[in-house]
1. Residue under question is Gly47, and the condition is that it be crowded, with 20+ Cβ neighbours inside 10 Å, more than 28 Å from Tyr169 (Cα to Cα) and within 14 Å of the ligand (Cβ to nearest atom); does it hold?
2. Any residue in the stretch 131-157 that's within 12 Å of the ligand (Cβ to nearest atom): show its pairings with residues that are part of a helix (DSSP H, G or I) at Cβ separation under 6 Å, as long as the two are six or more apart or on different chains.
3. Could you figure out which of (1) touching a residue at least 40 places away in the same chain (Cβ under 8 Å); (2) more than 13 Å from the ligand (Cβ to nearest atom); (3) surrounded by 13 or more Cβ atoms within 10 Å (Cβ to Cβ); (4) farther than 23 Å from Tyr169 by Cβ isn't true of Gly28?
4. Within the stretch 65-83, how many residues are surrounded by fewer than 24 Cβ atoms within 10 Å (Cβ to Cβ) and either charged (D, E, K, R) or under 15 Å from Asn32 (Cα atoms) (or both)?
5. Would you check if Lys114 is modelled with pLDDT of 95 or more, charged (D, E, K, R) and part of a loop (DSSP other than H, G, I, E, B)?
6. Counting only residues that are under 18 Å from Tyr123 (Cα atoms), give me the strands (runs of 3 or more DSSP E) lying completely in the stretch 1-96 with at least 2 of them.
Amino acid sequence: MKIRLAAYLQSDSIVDGEGIRTVIWTQGCPHNCFGCHNTCTHDFKAGFTEDIETICKDLSSLEGQDGITFSGGDPLCQPEACLAIAKFAKTINLNIWCYTGYTFEELIKMSQTKPVILEFLNYVDVLIDGKFVMAEKSLDLMFRGSKNQRVIDVKKSLKNNKPCVIKKYDYKENKNDYNFAHDKYLFV
Ligand code: SF4
């Protein structure tokens, strides 16, 4: 199986989720958010394809990584390939974050006709959902660009059948605490 990528594995990131992470930059996004920083990742025919086996082999050779982050592009446009990588990542004790322009609710609805989406979500620890909205842009948010986007505890959300945001990242909860964006948090 192959995945279409915008760039190859980027290790040692500290801005794409908690801890030290390897980012998987998927190619292809249908959302066309105004103000998107990654417009070169929108075209579903651009970028390049890579074997999942090669990615897994290279992931296992990296040192000092806490987890992987699927970004893009929209990883949920390639759920089969992301699922294969996610399954492997869990075997080497990496936690999994994923960015998507879809909301959690939209993904659950989509999974009714495409069950692999739900299968993939079962491996994701943290989902940052929703389109980037310029009018909601804020530099005080951690790990996301606009206030409408949520940092979601996926396991809790699937169990409770509703999106459960991680409290410490909730804009509404923390909007008057400008120091919170500069603290160090570790995901457990
Ligand atoms: S979902 Fe992300 S990559 Fe896609 S257009 Fe929106 S900001 Fe850009």
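1. Yes, satisfied.
2. Ser146/Glu136; Asn148/Glu136
3. Among (1) touching a residue at least 40 places away in the same chain (Cβ under 8 Å); (2) more than 13 Å from the ligand (Cβ to nearest atom); (3) surrounded by 13 or more Cβ atoms within 10 Å (Cβ to Cβ); (4) farther than 23 Å from Tyr169 by Cβ, the lone unmet condition for Gly28 is (2).
4. Residues in the stretch 65-83 being surrounded by fewer than 24 Cβ atoms within 10 Å (Cβ to Cβ) and either charged (D, E, K, R) or under 15 Å from Asn32 (Cα atoms) (or both): 4 in total.
5. yes
6. 21-25, 67-71
Residue-by-condition table, conditions (1) touching a residue at least 24 places away in the same chain (Cβ under 8 Å); (2) of a type outside the set (Val, Ile, Thr):
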residue: Gln65; (1), (2): yes, yes
residue: Ile68; (1), (2): yes, no
residue: Gly72; (1), (2): yes, yes
residue: Pro75; (1), (2): yes, yes
residue: Asn93; (1), (2): no, yes
residue: Thr100; (1), (2): yes, no
residue: Glu105; (1), (2): yes, yes
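The values are calculated or read from the model by the stated rules, or taken from the named source; none is laboratory data. What you see is a predicted model, and the numbers here were worked out from it, not measured in a lab. Backbone-built Cβ (ideal geometry, glycine too); neighbour counts: all protein chains shown.
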